[in-house]
Structures are given as C-alpha cells and as structure tokens.
Amino acid sequence: MDVRIKNGTPLHSESLCETCVHAHIVRGYRESEELTVCQATYPEHTVPFHVRECSGYTQIKRQTLKQMEDIAWVLGPNGGKRRAGFVPAAEVETKETEVELFLRKKE
C-alpha cells in the first residue's frame with residue numbers, strides 16, 4: 001500500500017530568498033545568525049523564516065528587457081539592395097559566402 005501526501009510541508013530546502021533580486025541577506029559566523037530583509041514591499045520587512053513560495057519573487061539570473069536590449073545585436077543592411085536580418089534556409093546558396101560583421105560603439 002502506498003501512502004501519498006499532497007501539498008505536505010517540505011522538511012528541508014533552500015529559501016527562495018537565496019536567489020531573489022529583492023532579498024538582502026546578512027549572515028554571521030553561526031548558522032543561527034542570519035537576517036533576511038525583503039525589499040520587494042514597502043516598507044521593507046524582515047523575513048524570520050525560510051521562504052518556500054513568494055508572489056514578489058524575481059530570479060537573480062533572469063535578465064530584464066533593458067539588459068537584453070543592451071546586449072542584442074543590431075542587424076542593418078550593408079547597401080541599398082540588401083535587407084536587414086537573417087536569410088531563410090531556402091535562399092542560401094550552396095557555395096560558401098562571406099559574412100561581414102560590423103561592430104560599433106554605443107553612442
């Protein structure tokens with residue numbers, strides 16, 4: 001006989017605050033010396049326990065739209081006859097072609 005418990009309390013897990021942009025975590029030398037401040041709300045508040053779910057969670061590694069725009073390549077035509085962008089596979093010639101890449105500094 002199998003016994004399954006749905007939505008039970010997990011015993012041990014890393015706090016969601018560890019990977020959240022809005023968390024300010026201060027740790028001392030002892031394991032019990034830890035202070036977590038949530039900056040997602042106003043006023044900021046301390047979180048006295050490990051967090052499993054949070055509605056204001058934003059992952060640290062996820063980039064914002066502005067950050068993605070800053071690292072994106074700008075594809076522009078190299079003359080009047082060419083269009084900007086990528087060429088569909090059906091239009092690619094079988095012979096090798098040159099690829100030109102122009103890098104310019106941000107203004």
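Between Ser13 and Ala72, the contour length at 0.36 nm per residue exceeds the alpha carbon distance by 17.6 nm. Tell me, what is the per residue accessible area of the range 1-44 in Å², probe radius 1.4 Å? Dividing the accessible area of the range 1-44 by its residue count gives 96 Å². Amide H to amide H distances under 5 Å link Glu34 with Gly28, where only residues 5 or more positions off or on other chains count and H is placed in the peptide plane.
Sorting 38-51, 60-73, 15-28 by average packing, meaning the other beta carbons within 10 Å per residue, from highest down gives 15-28, 38-51, 60-73.
The values are calculated or read from the model by the stated rules, or taken from the named source; none is laboratory data. Note that the coordinates shown come from a computational prediction; the quantities given were computed from them, not determined experimentally. Neighbour counts run over all protein chains shown; Cβ positions are idealised from the backbone, glycine included. Note: areas computed on protein heavy atoms with side chains; ligands, DNA, RNA excluded. Shrake-Rupley method; radii C 1.70, N 1.55, O 1.52, S 1.80 Å.
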